[in-house]
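Just so it is clear, none of the values below were taken in a lab; they were calculated from the coordinates. Since the structure is predicted, the reported quantities are computational estimates derived from the model, not experimental observations. Positions of Cβ are backbone-derived with ideal geometry, glycine not excepted, and every protein chain shown enters the neighbour counts.
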Amino acid sequence: MNTDSNRKEIVLSGIRSTGNLHLGNYYGALRKFVKIQDDFDCRFFIADLHALTTNPDPQELHANVKKILAEYLAAGIDPEKATIFIQSDVPEIAEMYLLLNMHVGIGELMRTTSFKDKARKALGLTAASDDDDEIEKQICGVETNRRVNAGLLTYPTLMAVDILIQKATKVPVGKDQLQHLELTRRFARRFNSFYNVDDFPEPYDFDFGGAPVKVPGLDGSGKMGKSEGNCIYLVDEPKALRKKVMRAVTDEGPQAPNSPMNEPVANLFSLLELTSTPEIVKQFRDAYADCSIRYGDLKKQLAEDILAVTTPIRERVNDILADEDYLRRVVAQGAEKARDAASKTLADVRRIMGIRKF
Ligand code: TRP
């Protein structure tokens, strides 16, 4: 298997350790990762250094890393097939981050959408599309005691290093991360051409084919997301999960046969389509069409179907979390493999940039 992996294309993806994984993470990422782990040289990591950009509580940071690790394993990522590692276990990443920053413009980082969003949040500004001047004024101003830390600005450099140090060419990411991937390609080209080398391949989003999976939240609009507070977590206990689903936003019900569906109800159907059988989905669609639907029944069904997906995962998470030795072994093995690749790249980068030993 190891000789094989030399020829397989390298896939890398990371997730920030900022809380439990939800159904959106599961259908949008995890489940797909499990499917590709045989065919690619997959490297999945927990981006705890990226999580530091929002200054988490130290106790929570470590607990979150552990939780996500257990959730990855419980969802079926196999440490014998894929490399699973913690970002901070690879100190080469931190060093190369410093080196790559010498080729990254402050301007291009400041224009990144995710930076502007996070800076706005850190400054307590309300979202407005064209308040760039205001953000810049406040960042540079001395009056405010709110701070936009430099780590937030250089977030894309760190992400580019995660990718480039592993020489990954396929990077499965959500839509919100595509701009970071674009920057990574730009940095790779820039490095290659500045030093006249061809060290870094340009990474692209992993194309899983088919339509993107839509995993909406329970609050009536938009996708499921940690910061939206509309999530169903893989480790939600049955009672809490049922309660969340029963409280999901709906409407007053179809007023005439074959009425169009409002977003909150369409969202529940989207979730049902992910977790239930086609027969059950059809049964509720028909009931909607002829106005006999009772949202309470729909929600009860949905909660049970979601639980059928999450219960085995939740139980495995609990078993895995109880087995510290196993977790330590997985992490050590992953770190070794990740460092193996990273140290080679870093050695080349140091040499190319002119850092030599006496
Ligand atoms: N920035 C990504 C996110 O918030 C996480 C991430 C960090 C990542 N480094 C990466 C994803 C490298 C893919 C590759 O979702």
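Observations on the model:
- Flagged links, alpha-carbon separation over 32 Å, of Lys32/Lys243; Lys81/Lys243; Lys81/Lys344; Lys66/Lys214; Lys121/Lys344: Lys81/Lys243; Lys121/Lys344
- Here's the picture: a label point sits 7 Å out from the Cα of Arg31 along the beta-carbon direction, and within segment 281-311 the residues with their amide nitrogen under 17 Å of it are 281-282, 302-311.
- Diffusion constant of the chain at 25 °C, which comes from Stokes-Einstein with the Kirkwood Cα-pair radius and 0.890 mPa s, µm²/s: 109
- Magnitude of the charge dipole for segment 238-318, about its Cα centre and with charges confined to Cβ atoms of Lys, Arg (+1) and Asp, Glu (-1), is about 520 debye.
- Length gained when the stretch Asp207-Thr126 is fully extended (0.36 nm per residue, less Cα-Cα span): 25.7 nm
- Candidate membrane-span-like segments in the chain, meaning DSSP H helices with Cα atoms spread over at least 20 Å of their own axis and a Kyte-Doolittle mean of -0.5 or above, are 58-74, 295-322, with no membrane implied.
- Computed extension gain for Asp198 through Asp57, at 0.36 nm per residue and net of the alpha carbon distance, reaches 46.7 nm.
- Restricting the trypsin sites (Lys or Arg not before Pro) of segment 286-347 to loop positions (DSSP other than H, G, I, E, B) with no more than 13 neighbouring Cβ atoms within 10 Å leaves Arg294.
- What the Kirkwood sum gives for segment 272-358 is a hydrodynamic radius of 18.1 Å, with every pair of different alpha carbons counted.
- Multiplying the residue separation of Ala322 and Asn149 by 0.36 nm and removing their Cα-Cα distance gives an extension gain of 58.7 nm.
- Across Thr311, Thr112, Thr126, mean-square fluctuation computed from a Gaussian network of the chain (C-alpha pairs under 10 Å connected) peaks at Thr126.
- Spin-label model distance (nm) - Glu315 vs Ala256, 7 Å beyond Cα toward Cβ: 5.0
- Label point 7 Å beyond Cα of Val249 along Cβ direction - residues of segment 268-291 with amide nitrogen under 18 Å: 268-272
- Arranged from fewest to most other beta-carbon atoms within 10 Å of their beta carbon, Phe206, Phe45 become Phe206, Phe45.
- Inter-label distance, nm, simple model (7 Å from Cα along the C-beta direction), Leu178/Ser114: 1.5
- DSSP-defined antiparallel bridges as percent of all bridges, the chain, nearest 5: 15
- With both labels modelled 7 Å from their Cα along Cα-to-Cβ, the Arg350 to Met102 distance reads 1.3 nm.
- Extent along the principal axes, Cα only, for segment 40-100: 32, 28, 14 Å, with the longest axis given first.
- Neighbour counts of other Cβ atoms within 10 Å put Met159, Met353 in the fewest-to-most order Met353, Met159.
- A simple charge model with +1 on the Cβ of Lys and Arg, -1 on the Cβ of Asp and Glu and nothing else charged puts the dipole of the chain at about 500 debye relative to its Cα centre.
- Cβ-defined net charge surrounding Leu12, 13 Å radius [Lys, Arg +1; Asp, Glu -1]: +1
- By the beta-carbon count within 10 Å of each Cβ, the least crowded to most crowded order of Phe187, Phe208, Phe33, fewest first, is Phe208, Phe33, Phe187.
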